[in-house]
Amino acid sequence: MAELTYLQAVREGLAEEMIRDPTVVLMGEDVRLGGVFNATPGLLDEFGAERVIDTPISEMGFTGAAFGAALCGIRPVVEIMFADFLGLVIDTLANQATKYWYVSNEQASVPLTIRSTVGAGGRFGAFHSQTPVGWLQNLPGLKIAAPSTPGDMKLLLQAAIRDDNPTVIFEHKLLYGRRAEVPDAGAAVEPLGRAVTRRDGSDVTLVGALATVEVALAAADLLADDGISSDVIDLRCLRPLDIETLASSISKTRRLVVVEEGPPVGGYAAEVIAVAVLAAGGVSARRVTSPDIPFPFSGPLEDAALPSAQAVAAAALDIVPL
């Protein structure tokens, strides 16, 4: 296995799928030059202008075109520079792509993948720092992938491209520089919807996704200093949730803290807690989220708005007896 950054894993995952399947095409603003974060450099030279397509600055327009292409045997991968702009393509997702299998009486699937950059902490201000889970989470037929490591970035992207359902894959901008081993070409690609346990414990279950997995792991280290043992679960997919893995951990610990970068209303933290209660019965649960405000541009204020390991550890100490 090679060691790559999260950003390099995006390119490698795309390139391998474009080699494996000639129906895979990449579309988006400036993708021929590599995109705003330089995730796709060199793909134009490798695959040509018919498969690496620069688009006008019209997210609704080119995502609609990708939806039509998906109905005609193409597997489009659409890059939306910032997930804050996903509001522009909600109609294509909510009223077309996620409904077509149903309204066509299961005659046509929509293998459309949307890649989009999410997350705060980079001083991008209120308009370029959101992780809009709540906009998408209640769309039947949509899958949402949320990789936290370079290896998962590659494999979940490949799983999304191969999936016959419309899928949004979030790429956290603060993770782009993270470096780790990434599976080689031809590695097994699991279907979307499987979480993974990053750390085993028995006293409390800590759950995160994307960059908050690192927060949860740091909180587990703090809790260990107090003799508290933590299960740390990386969701990897926000829709569908891996209920089996969550239920197994929560049934063991009976205590749950979910950490989410984003407002407390309508996010995955609330959904995980609901799943926990339904699956495991009486559970002591807390969630640690950002405040119910837009992310500030000010560095100190933005840092204060992000969930911290200390806040997660404090929430756990509130429900774990010492």
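The values are calculated or read from the model by the stated rules, or taken from the named source; none is laboratory data. Since the structure is predicted, the reported quantities are computational estimates derived from the model, not experimental observations. Because the Cβ atoms are built from the backbone with ideal geometry, glycine has one as well, and the counts that use them run over all protein chains shown.
Can you pull out the residues in the stretch 3-34 that are crowded, with 21+ Cβ neighbours inside 10 Å and of a type in the set (Ser, Thr, Tyr)? Across the stretch 3-34, the qualifying residue is only Tyr6.
What's the total number of residues in the stretch 215-236 that are in a loop (DSSP other than H, G, I, E, B) and under 14 Å from the mean Cα position of the chain (by Cα)?
Initial filter on the stretch 215-236 (in a loop (DSSP other than H, G, I, E, B)): 225-229, 235-236.
If we keep only those that are under 14 Å from the mean Cα position of the chain (by Cα) as well, we get 235-236.
Qualifying residue count, the stretch 215-236: 2.
Whenever a residue of the stretch 272-296 is over 11 Å from Val257 (Cα atoms), its partners that are among the basic types (Lys, Arg), lying with C-beta atoms within less than 8 angstrom and at least six residues away or across chains, give the pairs Ala280/Arg254; Gly282/Arg254.
Within the stretch 1-43, can you find the residues that are more than 26 Å from Thr149 (Cα to Cα) and touching a strand residue (DSSP E or B) at 6+ places or on another chain (Cβ under 6 Å)? Step through it out loud before you land on a result.
The initial filter retains those residues of the stretch 1-43 that are more than 26 Å from Thr149 (Cα to Cα), namely 22-23.
Of everything in the stretch 1-43, just one residue is more than 26 Å from Thr149 (Cα to Cα) and touching a strand residue (DSSP E or B) at 6+ places or on another chain (Cβ under 6 Å), namely Thr23.
Considering only residues that are under 15 Å from Val259 (Cα atoms) and over 23 Å from the mean Cα position of the chain (by Cα), which ones fall in the stretch 297-317? Passing the criteria: Gln310, Ala313, Ala314, Ala315, Ala316, Leu317.
Residue by residue through the stretch 237-261, note down the ones that are out of contact with any strand residue (DSSP E or B) (no Cβ under 6 Å at 6 or more places or on another chain) and either in contact (Cβ under 8 Å) with a residue 60 or more places away in the chain or not in a helix (DSSP H, G or I) (or both). Of everything in the stretch 237-261, those that are out of contact with any strand residue (DSSP E or B) (no Cβ under 6 Å at 6 or more places or on another chain) and either in contact (Cβ under 8 Å) with a residue 60 or more places away in the chain or not in a helix (DSSP H, G or I) (or both) turn out to be Pro240, Leu241, Asp242, Arg254, Glu260, Glu261. Residues in the stretch 20-64 that are of a type in the set (A, V, I, L, M) and over 22 Å from Ala159 (Cα atoms): Leu33, Val36, Leu44, Ala49, Ile57, Met60.
Mind listing whichever residues of the stretch 259-286 are more than 18 Å from Ile228 (Cβ to Cβ) and in contact with a Pro (Cβ under 9 Å, 6 or more places away or on another chain)? Steps first, answer last, please.
Filtering the stretch 259-286 for residues more than 18 Å from Ile228 (Cβ to Cβ) gives 260-282.
Glu260, Glu261, Gly262, Pro263, Pro264, Ala270 - these are the residues of the stretch 259-286 that are more than 18 Å from Ile228 (Cβ to Cβ) and in contact with a Pro (Cβ under 9 Å, 6 or more places away or on another chain).
Restrict the check to the stretch 94-108 and report whether at least one residue is modelled with pLDDT of 95 or more, surrounded by 21 or more Cβ atoms within 10 Å (Cβ to Cβ) and under 26 Å from Leu7 (Cα atoms). No, the stretch 94-108 contains no residue that is modelled with pLDDT of 95 or more, surrounded by 21 or more Cβ atoms within 10 Å (Cβ to Cβ) and under 26 Å from Leu7 (Cα atoms).
Name the one entry in Phe82, Phe127 that is surrounded by fewer than 18 Cβ atoms within 10 Å (Cβ to Cβ), hydrophobic (A, V, I, L, M, F, W, C) and within 24 Å of Thr55 (Cα to Cα). So that I can check it myself, show each step before the final result.
Values: Phe82 fails: surrounded by fewer than 18 Cβ atoms within 10 Å (Cβ to Cβ).
Result: Phe127 is the single residue among Phe82, Phe127 that is surrounded by fewer than 18 Cβ atoms within 10 Å (Cβ to Cβ), hydrophobic (A, V, I, L, M, F, W, C) and within 24 Å of Thr55 (Cα to Cα).
Close Cβ contacts (under 7 Å, 6 or more residues apart or on different chains) running from residues in the stretch 136-163 that are closer than 13 Å to Arg236 by Cβ to residues that are surrounded by 21 or more Cβ atoms within 10 Å (Cβ to Cβ) and among the polar types (S, T, N, Q) comprise Lys143/Thr167; Ala145/Thr167; Ala160/Thr113; Ala160/Thr167. Any chance the stretch 135-149 includes a residue that's farther than 14 Å from Arg115 by Cα, within 14 Å of the chain's Cα centre (by Cα) and among the β-branched types (Val, Ile, Thr)? Yes, the stretch 135-149 has at least one match. Among the residues making up the stretch 35-53, those that are under 24 Å from the mean Cα position of the chain (by Cα) and surrounded by fewer than 19 Cβ atoms within 10 Å (Cβ to Cβ) are Val36, Phe37, Asn38, Pro41.
Residues that are surrounded by 15 or more Cβ atoms within 10 Å (Cβ to Cβ), in contact with a Gly (Cβ under 6 Å, 6 or more places away or on another chain) and at pLDDT 95 or above are absent from the stretch 245-255 altogether.
Considering every residue within the stretch 97-106, establish whether at least one is free of Cβ contacts under 8 Å to residues at least 24 places away in the same chain, more than 30 Å from Glu302 (Cβ to Cβ) and among the hydroxyl-bearing types (Ser, Thr, Tyr).
Going residue by residue through the stretch 97-106, those that are free of Cβ contacts under 8 Å to residues at least 24 places away in the same chain are 103-106.
With more than 30 Å from Glu302 (Cβ to Cβ) added as a condition, the list becomes 103-106.
Add one more test, that the residue is among the hydroxyl-bearing types (Ser, Thr, Tyr), and what stays is 104.
Yes: the stretch 97-106 contains one or more residues that are free of Cβ contacts under 8 Å to residues at least 24 places away in the same chain, more than 30 Å from Glu302 (Cβ to Cβ) and among the hydroxyl-bearing types (Ser, Thr, Tyr).
Residues of the stretch 159-167 include none that is farther than 19 Å from Arg287 by Cα, in contact with a Gly (Cβ under 6 Å, 6 or more places away or on another chain) and assigned to a strand (DSSP E or B).
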